[in-house]
1. Anything in segment 161-182 that is assigned to a strand (DSSP E or B) and in contact (Cβ under 8 Å) with a residue 60 or more places away in the chain? List them, or say none.
2. Within segment 1-45, which residues are of a type in the set (Asp, Glu) and either under 23 Å from Gly181 (Cα atoms) or at pLDDT below 90 (or both)?
3. (1) within 17 Å of Pro58 (Cβ to Cβ); (2) of a type in the set (A, V, I, L, M); (3) loosely packed, with under 14 Cβ neighbours inside 10 Å: which one isn't true of Ile114, the others all being true?
4. Could you say whether any residue in segment 31-40 is among the polar types (S, T, N, Q), surrounded by 14 or more Cβ atoms within 10 Å (Cβ to Cβ) and in contact (Cβ under 8 Å) with a residue 40 or more places away in the chain?
5. Which of the residues belonging to segment 58-70 are buried (at least 19 other Cβ atoms within 10 Å of the Cβ) and either more than 22 Å from Ala157 (Cα to Cα) or among the acidic types (Asp, Glu) (or both)?
6. Taking the residues in segment 71-103 that are in contact with a strand residue (DSSP E or B) (Cβ under 6 Å, 6 or more places away or on another chain) and outside any strand (DSSP E or B) as candidates, determine which candidate is surrounded by the most Cβ atoms within 10 Å (Cβ to Cβ).
7. Quick check on segment 1-43: of everything there that is of a type in the set (Ser, Thr, Tyr) and assigned to a helix (DSSP H, G or I), which residue is nearest to Leu143 (Cα to Cα)?
8. Assess whether Ala63 counts as being without any contact (Cβ under 8 Å) to a residue 40 or more places away in the chain and of a type in the set (Gly, Ala, Ser).
Amino acid sequence: MTDLAAIKDAARKAGFARRKPLFASANDAQAGYLSEVLAGYRGVSLSGFMPIRTEIDPRPAMAEASAHGPVGVPVIIGAQQPLRFSRWTPDGAMIDGAFGARIPEVMDFFDPEIVIVPLLAFTRRGDRLGYGGGFYDRTLEQLRGRRATLAIGFAFAGQEVDALPVEPTDQPLDMIVTEAGVIDISR
């Protein structure tokens, strides 16, 4: 294991430990700021995510957004491949996908213009630490190569850290939304 890989592994363990108590005390209003942000993009295609483990839950904001435009969820196609996004509705039939995330029973793929990204830790600079598979980094690079794509990190405020190990392949976030507010990233 390289030094950077070891550092990222330690940061992931710390991120899981930091997120667990935040999840345990979460309430139904945690997606309020995300709903407000998405209201400014009515009708723009977006993808949320189906929460796994102790991730913050974006589904209330996704449900609101689905009344105004297409909303999808990520589907893992295979290792080392970008994600695909299949249309999601609040009452649509779901099945188990990779890593325990639910995916639509019937696939209807599209490319979102906004991607709501789960994470373990983030910085105010827009750096993000995920689970290590590189799925979102590959996907955002591909989507951004085709057109402007807004990456919104969605997390608990307590997941913020001062610094994260970053590699050239890590795709930055454009904005971070927490249960406590919105952090705009200026570049």
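1. Met175, Val177, Thr178, Gly181, Val182
2. Passing the criteria: Asp3, Asp28, Glu36.
3. Among (1) within 17 Å of Pro58 (Cβ to Cβ); (2) of a type in the set (A, V, I, L, M); (3) loosely packed, with under 14 Cβ neighbours inside 10 Å, Ile114 violates only (3).
4. Within segment 31-40, none of the residues are among the polar types (S, T, N, Q), surrounded by 14 or more Cβ atoms within 10 Å (Cβ to Cβ) and in contact (Cβ under 8 Å) with a residue 40 or more places away in the chain.
5. Within segment 58-70, Ala65, Ser66, Pro70 meet the criteria.
6. The qualifying residue surrounded by the most Cβ atoms within 10 Å (Cβ to Cβ) is Trp88.
7. Out of the qualifying residues, it is Ser35.
8. Taking the combined requirement at face value, the residue satisfies it.
The values are calculated or read from the model by the stated rules, or taken from the named source; none is laboratory data. All values reported here derive from a predicted model rather than from experimental measurement. Ideal geometry is used to build each Cβ from the backbone, glycine not excepted, and the neighbour counts take in all protein chains shown.
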